[in-house]
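Engineer: The structure follows.
Derivation of every value follows stated rules applied to the coordinates shown; laboratory data play no part. Bear in mind that the values here come from a model prediction, so they are computed numbers and not experimental data. Counting neighbours? That spans all protein chains shown, and the Cβs are built from the backbone with ideal geometry, glycine included.
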Ligand code: XLS
Ligand code: NI
Ligand code: NI
């Protein structure tokens, strides 16, 4: 690249700077100041933002009623290797200008399939060399890698849960390779999202057998991870449906049950996505609390859904109430270690210009920066945590402490209550008071 002029894909846009809340520059951060220290850690290290290759670089902005609208002047309309190479340069110019420290990709986002698995792997190797080069040039790192086991027609019945054993074998070979390239690129983690690991109809489905196969697949992945010395964290990403009617990894609780049933709990954490939580009929706060309680929260796919549309709209998160809830959860678990805030989000079909990608990410990053600052202030204030603690104070001494310590059984509790007679509810839940308290900070 030395003497040659480097081609610019986002001309007229320079590195996004922090200008503070009074700035009116749409291409500046108002709240995300990577160097600013919050609770002893920079915002950059708290939030660990990541750009997704599949949405931001490959997304054509098609929906089920219409073709893609994205204007991407560098695209030639093909899925050639030459195009794949160009896209790597596009991606890293974008991520670098945005100032996100991480990115994430599926194997098939970055390199096209060839005529055989061998050729496909060779394509991937070629692009991975360029990814590595660009990582070194920019300092951008890989948050996690993953394999696309849902787009190609061979995965019509699923991958690890396919009725066809050859498909399981193909998926295993593909994931083996994807873990290896993630390792080579210094990835901090690897995600399993079972896009088609579920069913369309139960009339043709043996759930027991499919779940056992899925577990076997993950155990093989764990063994391979160990054999190549990959230290990155494995994650499973819950989603209840879409594209299948039901996905086995439907929500945090279902994933945890599956991981425990099959002895995988020590090997995988959860990568939670906001829009998947709402599709499952939960809030993101619920999913996060369930995962944190099981010490299994690993990473976040940051986006949001449109509650008036019934599908995974993957919108950029701009709701500060949401980001506050999420950052309260992240701070509560002691912060991310291998995980991060991965924008699994896409611009709207109507927002088809390259600059919209910047607006979208800047907005998401600013919303999380505010969420972080607000969550930190709520924790410092202490009233919320204090309320919850005192709500359970009957467990800290006396009979409560005896129950928690396992000192008493039904017999002793009956004796205790016969003596006491009855109880009248004496503590209000104070929901409205607490909602007002949160709003003091937002
Ligand atoms: C789709 C999922 C997917 C995973 C990675 O709904 O969110 O993008 O994050 O395979
Ligand atoms: Ni996701
Ligand atoms: Ni999703």
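Engineer: Here is a check on your reading of the model: is residue 385 in a helix (DSSP H, G or I) and either in contact with a helix residue (DSSP H, G or I) (Cβ under 8 Å, 6 or more places away or on another chain) or within 30 Å of residue 321 (Cα to Cα) (or both)?
Structural biologist: yes
Engineer: Considering only the stretch 36-64, state which residues are touching a helix residue (DSSP H, G or I) at 6+ places or on another chain (Cβ under 7 Å) and more than 16 Å from ligand 3 (Cβ to nearest atom).
Structural biologist: Once the filter is applied, which keeps residues that are touching a helix residue (DSSP H, G or I) at 6+ places or on another chain (Cβ under 7 Å) and more than 16 Å from ligand 3 (Cβ to nearest atom), the stretch 36-64 yields 36, 38, 39, 43, 46, 47, 49, 57.
Engineer: Can you name the residue in the stretch 226-248 that is away from ligand 1 (no atom under 11 Å from the Cβ) and part of a loop (DSSP other than H, G, I, E, B) and is also surrounded by the fewest Cβ atoms within 10 Å (Cβ to Cβ) among such residues?
Structural biologist: Per the criteria, the residue is 229.
Engineer: Also: Does the stretch 308-330 include one or more residues that are at positive phi and away from ligand 1 (no atom under 16 Å from the Cβ)?
Structural biologist: Just the residues of the stretch 308-330 that are at positive phi, to begin with: 314.
Applying the additional criterion that residues be away from ligand 1 (no atom under 16 Å from the Cβ) yields none.
No: the stretch 308-330 contains no residue that is at positive phi and away from ligand 1 (no atom under 16 Å from the Cβ).
Engineer: Here's a follow-up. Among the residues of the stretch 6-55, write down those that are in contact with a strand residue (DSSP E or B) (Cβ under 9 Å, 6 or more places away or on another chain) and assigned to a strand (DSSP E or B).
Structural biologist: 17, 18, 28, 29, 49, 50, 51, 52
Engineer: Among the residues of the stretch 411-442 satisfying the criterion of being loosely packed, with under 10 Cβ neighbours inside 10 Å and within 30 Å of the chain's Cα centre (by Cα), which is nearest to residue 324 (Cα to Cα)?
Structural biologist: 439
Engineer: Identify, please: which residue in the stretch 279-301 is within 12 Å of ligand 1 (Cβ to nearest atom) and closer than 21 Å to residue 368 by Cα and is, among those, surrounded by the most Cβ atoms within 10 Å (Cβ to Cβ)?
Structural biologist: Of everything passing the filter in the stretch 279-301, 300 is surrounded by the most Cβ atoms within 10 Å (Cβ to Cβ).
Engineer: Give me a count of the residues in the stretch 166-188 that are in contact with a helix residue (DSSP H, G or I) (Cβ under 8 Å, 6 or more places away or on another chain) and not in a helix (DSSP H, G or I).
Structural biologist: Within the stretch 166-188, residues that are in contact with a helix residue (DSSP H, G or I) (Cβ under 8 Å, 6 or more places away or on another chain) and not in a helix (DSSP H, G or I) number 2.
Engineer: Among the listed residues 408, 355, 347, which satisfies the condition of being more than 20 Å from residue 319 (Cβ to Cβ), touching a helix residue (DSSP H, G or I) at 6+ places or on another chain (Cβ under 6 Å) and surrounded by 13 or more Cβ atoms within 10 Å (Cβ to Cβ)?
Structural biologist: From the options 408, 355, 347, the qualifying one is 408.
Engineer: What's the total number of residues in the stretch 255-272 that are in a helix (DSSP H, G or I) and away from ligand 3 (no atom under 16 Å from the Cβ)? Explain how you work it out, then say what you get.
Structural biologist: As a first pass, look at the stretch 255-272 and keep what is in a helix (DSSP H, G or I): 255-261.
Retained after the next criterion (residues that are away from ligand 3 (no atom under 16 Å from the Cβ)): 256-261.
Final tally of qualifying residues: 6.
Engineer: Considering each of 326, 333, 284 in turn, give the residue that is over 25 Å from residue 151 (Cβ atoms) and within 13 Å of ligand 2 (Cβ to nearest atom).
Structural biologist: 284
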